[in-house]
């Protein structure tokens, strides 16, 4: 059998066909619970404590002079972060 030495080489993982959904699931199951950086991924379990009766106390501070509310992300920011105003709606630099 002839060998094409110019063709890119494929490793053992690449030999698994990833064209079908079943092959992708099989490749995903071979990851052994590790992420791309090699760190172990643990399943997240939300706390089982009932906090429905708890109250949340938050101090609400009104918008100060020199601040604006972005019309895209709705974050209150300082005027120095204002990119432009379009149809009376202020847009911050992050959203521009």
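Points to keep in mind about this one:
- Test: residue in the stretch 14-30 that is under 30 Å from residue 75 (Cβ atoms), at pLDDT 70 or above and assigned to a loop (DSSP other than H, G, I, E, B): no
- Qualifying residue in the stretch 56-75 (condition: loosely packed, with under 10 Cβ neighbours inside 10 Å, under 23 Å from the mean Cα position of the chain (by Cα), modelled with pLDDT of 80 or more and assigned to a loop (DSSP other than H, G, I, E, B)): yes
The values are calculated or read from the model by the stated rules, or taken from the named source; none is laboratory data. On a predicted model such as this, the values are computed, not experimentally measured, just so you know. Because the Cβ atoms are built from the backbone with ideal geometry, glycine has one as well, and the counts that use them run over all protein chains shown.
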